[in-house]
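The values are calculated or read from the model by the stated rules, or taken from the named source; none is laboratory data. This one's a predicted model, so the numbers in the text were calculated from it and none came from an experiment. Glycine also receives a Cβ, built like all others from the backbone with ideal geometry; neighbour counts cover every protein chain displayed. Only protein heavy atoms, including side chains, enter the accessible area calculation; ligands, DNA and RNA are left aside. Shrake-Rupley method; radii C 1.70, N 1.55, O 1.52, S 1.80 Å.
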Amino acid sequence: MSVLVQFLVGLVFGLGLIIAGMSDPAKVLGFLDLGAIPLGTWDPSLIFVMAGGVGVTLLGYRLVLGRVRPLLAQRFALPTASRPDMRLVSGAALFGIGWGLAGFCPGPALVATLTGGPPALVFIAAMLVGMVLARRLATATAAMPAAPAHRN
Amino acid sequence: MIVTLFTPVASLAGGALIGLAAVLLMLFEGRIAGISGIVSRLLPPEGDGQTPGRLAFVMGLIVAPLAYAAVSGLWPVPQVAATMPILIVAGLLVGFGSVWGNGCTSGHGICGLSRLSPRSAVAVATFMTMAIATVFVARHVL
């Protein structure tokens, strides 16, 4: 049941990306290109994707998170960290540069697996390598002693 | 460079569907619909019993164009202008950066902002600024 639900949620998510135009890197780059505003070729569509996505999620989360527990799990698994740190900012900065270079972020890249041909597959392969590297580095960093001062 | 048309209605509707998916995942599984988090926890699989669900979610994303084509009769082909070397560098940066920064456009952009998370607000401001700056340099400076 849980596996079927998550398949359907992934499907709805992917359909949303396609209908919104987010699955097309040309459209994403057309939005990110603020230099095109004076030229009259800027495509502001992605503001509407964000408005639709955050609007529905903001309202939906209000209703859902008022429940005692989710329908198919014991508890809500929400991120506990609340303060921004250098790791968050540096990761987001690297992600932003990569997003601006090709116009793909992780969801649209996966949606392009069957439709994007070799360019999409090459991007996906590199993205998965990048994810593995980040997880390994995170594990290695977490295993290191926090600070020399605490080592007595 | 490819010029695309302004599609406010389709983009708002598609965005709402993305939001619906995020709300459904929270309602049924109690989880954030963050693509980079879901995918990276398969590399390698975390021993938390969630691997089949994560794989199913990713499969749903991958077959979405088939469902779209079945209903609309249109095959949604992404227009990729970047060269292979750029795609490799971009893929590495997107994969590494999204995991290192604990989220991408979905986890921080849709879910995090909807939870009014200060971390997500900072992450979104950072990656939007960097992406806009990157496109500006690539298209108007170089």
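Quick one: check the C-alpha center-to-center distance for the range A:58-102 versus the range B:1-37, whole angstrom.
Taking the Cα centre of the range B:1-37 as reference, the centre of the range A:58-102 is 14 Å away.
Would you be so kind as to list the residues of the range B:93-109 that have their accessible area lowered by at least 40 Å² in the full protein complex compared with their chain by itself (1.4 Å probe)?
Buried by 40 Å² or more upon assembly, which counts only protein chains, are B:L93, B:V94, B:F96, B:V99, B:W100, B:T105.
Hey, what's chain A come to in accessible area per residue, 1.4 Å probe, Å²?
So chain A comes to 47 Å² accessible per residue, rounded to a whole number.
Kindly write out, for the range B:69-82 in residue order, the coupling ³J(HN,Hα) from the Karplus curve 6.51 cos²θ - 1.76 cosθ + 1.60 (θ = phi - 60°), rounded to whole Hz, with x marking Gly and Pro.
Listing the rounded values in order: 5, 5, 7, 9, x, 10, 9, x, 8, x, 9, 9, 9, 5 Hz.
In sequence order, what are the phi-derived ³J(HN,Hα) couplings for the range A:128-133 according to the Karplus relation 6.51 cos²θ - 1.76 cosθ + 1.60 with θ = phi - 60°, rounded to whole Hz, with x for glycine and proline?
Here the 3J(HN,Hα) series is 5, 4, x, 5, 4, 4 Hz.
Chain pair B, A: how much accessible area is buried, both chains summed, with a 1.4 Å probe, in Å² to 100?
Buried area (both sides, nearest 100 Å²): 9800 Å².
State the dimensionless ratio Rg/Rh of the protein assembly as shown (Rg: radius of gyration of Cα atoms; Rh: Kirkwood radius).
0.96
What is chain B's relative contact order, in percent, from Cα pairs under 8 angstrom and six or more apart in sequence?
Relative CO of chain B lands at 27 percent.
Per residue of B:119-125, what is the mean number of Cβ atoms on other protein chains within 10 angstrom of that residue's Cβ? The partial results should precede the final answer.
On the way: counts 9, 4, 1, 6, 8, 3, 4.
Mean partner-chain Cβ count within 10 Å for B:119-125: 5.
Could you tell me the ratio Rg/Rh of the range B:78-142? Both radii from Cα atoms, Rh via Kirkwood.
Across the range B:78-142, the Cα-based Rg/Rh ratio is 1.03.
Express the carbon and sulfur contribution to the solvent-accessible surface of the range B:8-141 as a percent, rounded to the nearest whole number, probe 1.4 angstrom.
The computed percentage sits at 74.
Once the cut-off is 26 Å, how many percent of the Cα-Cα pairs in the range B:8-141 end up in the long-distance tail?
Considering the range B:8-141, 33 percent of its Cα-Cα pairs are separated by more than 26 Å.
Taking the Cα of A:A138, stepping 7 Å toward and past its beta carbon, and measuring to each backbone N in the range A:104-120: which are under 15 Å?
A:106
Mind checking Rg over Rh on the range A:82-152, alpha carbons, Kirkwood formula for Rh?
Checking Rg against Rh, the ratio lands at 1.14.
Roughly to the nearest percent, how much of the accessible area of chain A is carbon and sulfur, given a 1.4 Å probe?
Using a 1.4 Å probe with all protein chains present, chain A comes out at 70 percent carbon and sulfur.
Among B:57-69, A:68-80, B:32-44, what's the highest-first ranking by average C-beta atoms within 10 angstrom per residue?
B:32-44, B:57-69, A:68-80
Quickly estimate the mean residue ellipticity at 222 nm for chain B, helices only: each DSSP H run with n ≥ 4 gives -39500 (n - 2.57), and the total goes over all residues, rounded to 500.
Counting only the DSSP helices, I get -20500 deg cm²/dmol.
Please turn the phi angles of the range A:32-44 into ³J(HN,Hα) values with the Karplus equation 6.51 cos²θ - 1.76 cosθ + 1.60 (θ = phi - 60°), one per residue in order, whole Hz, x for glycine and proline.
Whole-Hz 3J(HN,Hα) from phi for the range A:32-44: 5, 7, 5, x, 7, 4, x, 7, x, 10, 5, 10, x.
Might you tell me the accessible area per residue for chain B, computed with a 1.4 Å probe and given in Å²?
Values: 5910 Å² over 142 residues.
With the other protein chains kept in place, chain B gives 42 Å² per residue.
Please compute the volume of the convex hull spanned by the alpha-carbon atoms of chain A and report it per residue in Å³.
Values: hull volume 29.2 nm³, N = 152.
So the per-residue hull volume is 192 Å³.
Per residue of A:77-90, how many C-beta atoms from partner chains lie within 10 Å of its own C-beta, taken as a mean?
Shielding by partners across A:77-90 averages 5.
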